[in-house]
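All remarks here apply to the structure that follows.
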Amino acid sequence: MRWSRLCHHMGSLCSAIPRRSALHADSQRETLSAAIIDNLPGGVYRTDASSNTLLFMSHGARELIDGQLDELLADQTPFDVLIHPDDLCRWRGELAHAVSEGQRHEVLYRLKPGIGRHHPQTWVLDRGVVINERGRLFREGLLLDMTSHQRVQQHLAYVVDHDAVTGLWQRLPFINHLEQFAERGEGALFYLDIVRYSSINNELGHQAGDELLHQVAQRLSQCVSESSVMARMGADEFAVFVPDADRQHETMARLLTVLKPAYQIAGQFLAIDISIGLAQASSCSADVLIRQARLALQYARANNQISGEFEADLSHMETCRLPMEQALRDALARNEMEVYYQVQVDACSGQMVGAESLMRWRHPELGNVPPDSFIPLAEEMGLINALGRWSLECVCQQLVDWDRVGFYMPRVSVNVSALQLTPALIEEVERLLDRHDLAPSRLELEVTETQLMHDLALSHTILQTLRERGIAIALDDFGTGYSSLAYLASLPLDRLKIDKRFVDGVPDRLQERGVITAIISMALALDLDVIVEGVESRRQWHYLRDHQCRTLQGYLFGVAMPADEFMACRQAIAQQR
């Protein structure tokens, strides 16, 4: 039956009941009309179109409303009292249009809280027509229970707008929400990134990676107020918008505090690093605000900082980043990468005992680019494994080349990124040593303290296997990370490298002397060698030698230089002796 015909018949049925006495209708017909109305899929109603006064509601409507309808009908209550306040204006607009045009109407709205069979909210679809009876307008219609349908729709909308792993907003709906605040210059945006997440995902599995994301999202919710909005912006990236910009630094401190403790993932405790960028809304678009916060994050990571705040002078990073990324992708193919070597000497004799290899990028316009400038970018772009393999290959080949000309280098250390600490590293090192016929003792791998703390169990397994193969392991930048003292005795290490910052005040400042002496004593007790970096004066050399430091490195003995220059320099020094 077409809708218009249904409304016509429904209107006749509704009109029949109030006019029973006047028309003296047959009682059987009245009974049949009431039975049809009560068995319709919903509830039938009749109101005065001018005043919206309730005149009649069927049994189905009474069940749907689940309210005191007898009192409402007796008091000639307006139909409006049933409708949710937030939907009332829209309902009135649709009704006014239907009355003025003499058309049927169809409106979806909520019943007022406390009215309706469903808790906490009842949705109805109101389908009706306006009928003119001898100059008086009535509105007759059918109320359909749409609550279950709306719940399904709301769930589908939630699924579309929210990330399934974290429960946070997806990127696009978050940007739409952010737009109004960004344009008004209100609030502050925090952009967060989990350092080395892809490695965690690969090593522990996607289920463990998802659990880490879920736990990070839970901790984020503990840091911000209900008015703040959070989103997952990418695989390992999050955004937090705080409407109250005056509390941004307080929020930053809370984020760093809450996110820092280790996470229990896959039966183990996992310490992770999270970088944060901050940008204040300044009457710009949401895209610009997000870009500014990401620039602040990238600047912080490039400078080995946990967090950073966007400033106007960071804008140049955005214009040069894409060309720099492309140039870095092409650097190996264009033969722009080079390995430099810095000598390591015996503290007692001053004789060369090894060297550290340091990667350099000879950019055609920028000149020699140091590792601190391009290694973080390579890690972010997923190029670090290719660069790492190239560096190991160069060092092994260089040892062979030096051997061929009679320049014997006892040992060369190679810096290894945290992203390289996988079983593939073991296979690569063994392959290179076999191919170049090198003794494992001539190769040393350096890892930083912070890198080991990312995933202590996996790092321990990889390094232990390498050490069992005869490759030396050095812990670089010792004392600049965290928690290492608790794990030091169990780590598969051969050497500790003390960072330059602990040497600068030696031997003049008491505090630095105490730190250096304590580290050397601890290392000797654990049967570990100690290499001190940054030695620049003979006074520092003699102090360290007298306190049982075995190996030294620094400008006093030679700067990092290309392989040919390094060999010529060391040979000249040896002849002078």
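The values are calculated or read from the model by the stated rules, or taken from the named source; none is laboratory data. Quick caveat, the model's predicted, so the values are computed rather than measured. Glycine gets a Cβ as well: all are built from the backbone with ideal geometry, and neighbour counts include every protein chain shown. Ligands, DNA and RNA are excluded from the accessible area calculation, which covers all protein heavy atoms including side chains. Shrake-Rupley method; radii C 1.70, N 1.55, O 1.52, S 1.80 Å.
Please count how many residues of the stretch 91-111 are in contact with a helix residue (DSSP H, G or I) (Cβ under 7 Å, 6 or more places away or on another chain) and surrounded by fewer than 17 Cβ atoms within 10 Å (Cβ to Cβ). The total comes to 1.
For the stretch 265-281, the count of residues that are surrounded by 18 or more Cβ atoms within 10 Å (Cβ to Cβ), within 29 Å of THR448 (Cβ to Cβ) and among the aromatic types (Phe, Trp, Tyr) is zero. Show the residue pairs that are 6+ apart or on different chains and have beta-carbon atoms under 6 Å apart, the first residue being within the stretch 342-366 and of a type in the set (Val, Ile, Thr), the second being part of a strand (DSSP E or B) and surrounded by fewer than 21 Cβ atoms within 10 Å (Cβ to Cβ). As it stands, the answer is VAL343/MET352; VAL345/MET352; VAL353/ASP346, since those pairs meet every condition given.
Just to check your reading of the model, which residue among THR422, THR448, THR465 is open to solvent by 20 Å² or more (accessible area, probe 1.4 Å) and in contact with a strand residue (DSSP E or B) (Cβ under 7 Å, 6 or more places away or on another chain)? Steps first, please.
On the way: THR422 fails: in contact with a strand residue (DSSP E or B) (Cβ under 7 Å, 6 or more places away or on another chain); THR465 fails: in contact with a strand residue (DSSP E or B) (Cβ under 7 Å, 6 or more places away or on another chain).
When all the criteria are applied, what remains is THR448.
Selection of the stretch 425-445 for residues being buried (at least 21 other Cβ atoms within 10 Å of the Cβ) and either outside any helix (DSSP H, G or I) or aromatic (Phe, Trp, Tyr) (or both) yields LEU443, GLU444, LEU445.
For (1) touching a helix residue (DSSP H, G or I) at 6+ places or on another chain (Cβ under 7 Å); (2) open to solvent by 10 Å² or more (accessible area, probe 1.4 Å); (3) in a helix (DSSP H, G or I), each residue gets a yes or a no:
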{"site": "ILE200", "(1), (2), (3)": "yes, no, yes"}
{"site": "GLU203", "(1), (2), (3)": "yes, yes, yes"}
{"site": "GLY209", "(1), (2), (3)": "yes, no, yes"}
{"site": "HIS214", "(1), (2), (3)": "no, yes, yes"}
{"site": "ALA217", "(1), (2), (3)": "no, no, yes"}
{"site": "GLN222", "(1), (2), (3)": "yes, yes, yes"}
{"site": "SER227", "(1), (2), (3)": "no, yes, no"}
{"site": "MET230", "(1), (2), (3)": "yes, yes, no"}
{"site": "VAL240", "(1), (2), (3)": "yes, no, no"}
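Each residue in the stretch 560-577 was checked for being surrounded by fewer than 13 Cβ atoms within 10 Å (Cβ to Cβ) and either in contact with a Gly (Cβ under 9 Å, 6 or more places away or on another chain) or assigned to a loop (DSSP other than H, G, I, E, B) (or both), and 1 pass. Pairs linking a residue in the stretch 254-268 that is closer than 17 Å to VAL195 by Cα to a residue that is outside any strand (DSSP E or B) and of a type in the set (S, T, N, Q), with Cβ atoms under 6 Å and 6 or more positions apart or on different chains, are VAL258/GLN222; TYR263/GLN215.
Collect the residues in the stretch 372-430 that are among the polar types (S, T, N, Q) and farther than 28 Å from ALA568 by Cβ, keeping them in residue-number order. Before the answer, list the steps.
Narrowing the stretch 372-430 to residues among the polar types (S, T, N, Q): 373, 385, 391, 397-398, 413, 415, 417, 420, 422.
Result: ASN385, SER417, GLN420, THR422.
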